[in-house]
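Step one of this worksheet: look at the structure below.
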Number of protein chains: 2
Amino acid sequence: MSATSLEGLIQESGNVVEMLRNSKTGMYVYPVVAPEFTNWRDEQRAWRDSAVLFDQSHHMDELIVEGPQAEAFLSYHGINAFSNFSLNRAKHFVPVTPAGHVIGDHIIFREREDKFILVGRAPNSNWLQFCAAYGKWNVRIRHDPRSPSRPDGERVQRTHYRFQIQGPEAPKIFEKMNGGPIPDIKFFHVEPINVGSKKVQALRHGMSGAPGLEIWGPYADKSYIHACIMQAAKDAGVDLVQCGARAYSTNTLESGWIPSPLPGIYTGDGMLADYRQWLGADSYEASGAIGGSFVSDNIEDYYVTPFELGYDFYIGWKKDDFVGKQALQEMKGKASRKKVTFEWNRDDVLKVIASAFEDGTPYKWIDFPQPNYASTSADMIMRDGQMVGMSMFNGYSFNERCVLSLGVVNHDVEVGDVLTLVWGEPETTQKTSTEKHRQAEIKVRVAPTPYASEARENYADSWRTRKAG
Amino acid sequence: MSATSLEGLIQESGNVVEMLRNSKTGMYVYPVVAPEFTNWRDEQRAWRDSAVLFDQSHHMDELIVEGPQAEAFLSYHGINAFSNFSLNRAKHFVPVTPAGHVIGDHIIFREREDKFILVGRAPNSNWLQFCAAYGKWNVRIRHDPRSPSRPDGERVQRTHYRFQIQGPEAPKIFEKMNGGPIPDIKFFHVEPINVGSKKVQALRHGMSGAPGLEIWGPYADKSYIHACIMQAAKDAGVDLVQCGARAYSTNTLESGWIPSPLPGIYTGDGMLADYRQWLGADSYEASGAIGGSFVSDNIEDYYVTPFELGYDFYIGWKKDDFVGKQALQEMKGKASRKKVTFEWNRDDVLKVIASAFEDGTPYKWIDFPQPNYASTSADMIMRDGQMVGMSMFNGYSFNERCVLSLGVVNHDVEVGDVLTLVWGEPETTQKTSTEKHRQAEIKVRVAPTPYASEARENYADSWRTRKAG
């Protein structure tokens, strides 16, 4: 391979789907943080029953955008309304391509009128850096890429530490940390709180209705802040469980966010063609892997839109213009796929596991609690032999005693429908993250996203926890 | 707790078994090395089918013993014959207590006539440091403890890097590394070989009959040596698979070494009482955890002897004296327990896993591929309601498509016998590494150690791979 850009690699390979399905980049891991602090079952349990501490210092890119045009630049490159973006608010920022396909997403904080901190996967960071140069915007961008997947004993540095505390018992810890009641911060609003002798910014976050805060500051303060958090939990009498790398990514199955859509940048001309020339051959977009049973000749079949992911209510229709506005206007009101949760049938999951105790080629191993084996997953969801959806992020939940996945389905699929997920890949690829295997069919029941207690209660007896009979 | 020594902790707790069963130290992990490089199934497969690279730079203590009395000191504190210990040999060095109980084991290299490098778990390192002071030996000891379990992005340094390459295709790599045929090194002998522009020491090692080499040198050379190894494999056309932390410890299930006997130092007076005063409250011996279904009031029930582990052929009976010689002489010729492999019944394992898909308290999760949840494991092996053995180290083998464990059984247990392993703990402990669970009975068939192809072939059809039904 002699290509130095994504576009060069695509030209060389002739088939970008095949190229990405044969990536040797390995698993997309939650780096640096220990695999387990206690054990992954109790770490999952903690965010439902007591309180959990996520160390989010390492797994995301950070992009600092500042300058006279910072707000105008970001507003033009995301779908979100910016009119209500005051200093004490955060946003779930979603850029799309001119064709309206999702590139990725960021949590975006406004630190000053003209300074923003963006946190998320690489596709957004790369895109915004390109756009700033492409449009000759008067902004200064600093990029702090995620930590290495295998530091191998070498030191790791970030710009900021980032901790999140979640769970029903979390408020007791916040009060101890702050040395008194904390301000009543609204969802996705930011207020300063005290942690030890420091004043830190706190974002009101939350999963499945449980209150939570995300705090951040200079990386050099990380150990001090960590010690203050652990002491506050002890003083509050709360069993605060630190969450390790194995359990971390599964929290999204209960809260419903899909972390890994394929950025819709592999096709399109003009700006996108220039972007693919700009993107290096070692970029996330060029080296990331597509995994799963869904193999299409057309890379666009892996793209998703803001409507499909449920992000359409973010769209700032009143903004004069933004990248993708026209395309989104054309999509508006038309039937699109919708985001759902898939509950995997217990007996079919056990059938897959049982094959690891038989000679011959087994089914694709379902690793616990995180079976994803690529940066982007795409498993076929079938009904009567027709593909009616795509499963995009998988995991086992000890809280739900079930394997769940998130994905999109055709608009005529209903909650409660029983469909079939094809698990495992049809062909042998170069992916290092998967052993040789055969495909299995796994029945899945469609449930709402976020996965609600209502769904759990209504279907538990008849479905997920049904004993083999 | 105010005690500063192991002895102080034992006095405070009043029950050392209870103290160790309630340790909060967490899992005993293979530190620093990435959890997976490819995926743990293929990493296990590699040592059977092609070649595997183990990075053993981090998981073991190293002890450097040198000085005029170095040989006499080590000979006096291990059971091994030393008469045949020339410069180009290594030994599997086993110290025991005055009562003849195993403390631990080391691989010991003789670098000069008066300098030895010892590699192994902490109990041996601690014991030898104490003994040197206790006996006023004229030796100099440097202790390089294993790397931290959770470096959390901080830099890790060791004295030596240590790589091991194993598997049927390994010799092709050695020849490329050495730039020509390598010397015909006998098992556990040491010879220099070339790696790139360096000359390094190579120990002939091996698992399950496959040839292997272990090489080591200054830690600063680690990246260079690693690059040379990977290049040699590429040049040789061999699929050399790097082994991650999740698969690593399971290799011993096929080769038959038990890494984790409880050091027999919690009882005994005289030298041992002084040792327990010397050992810190934060030592491996004081903070390590005992896990498993076997709960005895008597800590000595967890001890093992060299006869039970099959190390009796090492014993240097001709040596004038060594610590434990008299006790071992008294044991000699008497019936003792013996080391075996247990094959876990497939249907019983699947029953345990299935409980993770049911509401209520599940069976103890069997984590794949490494289900151990304590520094020392002790699970009861039952026959007709009587305990007839102890399972001491567990793991799933993708090569054997089976969960295996190593342990000891009474002398009247025969290969082929079907016994019952009690999986999970009878009481709730403070251990952070295990979720709340109930106990399960798992049928196990007794097989030889090392787990031989003969055993696999004879029992496979009728037992392990039998389908449910």
The stretch B:366-438 to the stretch B:7-53: how many Å between their Cα centroids? 15 Å
Calculate one ³J(HN,Hα) per residue across the stretch A:349-357 by plugging θ = phi - 60° into the Karplus curve 6.51 cos²θ - 1.76 cosθ + 1.60, and present them in order as whole Hz with x for glycine and proline. 5, 5, 4, 5, 5, 4, 5, 6, 10
Per-residue mean of other chain beta-carbon atoms within 10 angstrom of the beta-carbon, peptide B:26-34? 4
For residue B:320, which inter-copy label distances result when the label point lies 7 Å beyond Cα on the Cα-to-Cβ vector, reported in nm to one decimal and in ascending order? 9.7
Probe 1.4 Å, protein heavy atoms only: A and B together bury a total accessible area in Å², to the nearest 100, of 4300 Å²
Taking every residue of A:153-159, the Cβ atoms of other protein chains inside 10 Å of its Cβ average out to 5
Prolate/oblate/rounded label for the stretch A:1-98 (Cα gyration tensor, a/c 1.5): oblate
For the protein assembly as shown, what is the largest minus smallest coordinate of the Cα atoms on each principal axis, given in angstrom and ordered from greatest to least? 94, 65, 59
Peptide B:433-440 - average C-beta neighbours from other chains (10 Å radius): 3
Checking the a/c ratio against 1.5 first, then a/b against b/c, what shape does the Cα gyration tensor give for the stretch B:202-331? prolate
List the lysines whose Cα lies under 27 Å from the Cα of residue A:325, skipping any in the same chain that are fewer than 8 positions away. A:91, A:115, A:136, A:334, A:338, A:339
Listed by chain and number, the lysines with an alpha carbon less than 16 angstrom from that of residue A:431, same-chain partners under 8 positions apart left out, are A:24, A:364
About the Cα centre, charge dipole magnitude for the protein assembly as shown (Lys/Arg +1, Asp/Glu -1 at Cβ), debye: 840 debye
Could you calculate the FRET efficiency of residue A:223 with residue B:427 from 1/(1 + (r/R0)^6), where r is the beta carbon distance between them and R0 is 41 Å, rounded to 0.05? 0.70
Indicate the gyration tensor shape class of the stretch A:382-446 (rounded, prolate or oblate), computed on the Cα atoms with a ≥ b ≥ c the square roots of the eigenvalues: a/c under 1.5 is rounded; otherwise a/b larger than b/c is prolate and the rest oblate. oblate
How do A:4, A:250 stack up against each other in accessible area, from largest to smallest, with a 1.4 angstrom probe? A:4, A:250
So how do A:226, A:189 rank on accessible area, 1.4 Å probe, biggest first, that is with the largest at the start? A:226, A:189
Give the peptides A:367-378, B:275-286 in descending order of average Cβ contacts within 10 Å, highest first. A:367-378, B:275-286
If you take the Cα atoms of chain A, find Rg, then find the Kirkwood Rh from the mean of 1/r over all pairs, what is Rg/Rh? 0.95
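The values are calculated or read from the model by the stated rules, or taken from the named source; none is laboratory data. Since the model is a prediction, treat every value here as computed from it, not as a measurement. No Cβ is skipped: glycine too gets one built from the backbone with ideal geometry, and neighbour counts run over all protein chains shown. To get the accessible areas, we keep the full protein, side chains included, count just its heavy atoms, and leave off ligands, DNA and RNA. Shrake-Rupley method; radii C 1.70, N 1.55, O 1.52, S 1.80 Å.
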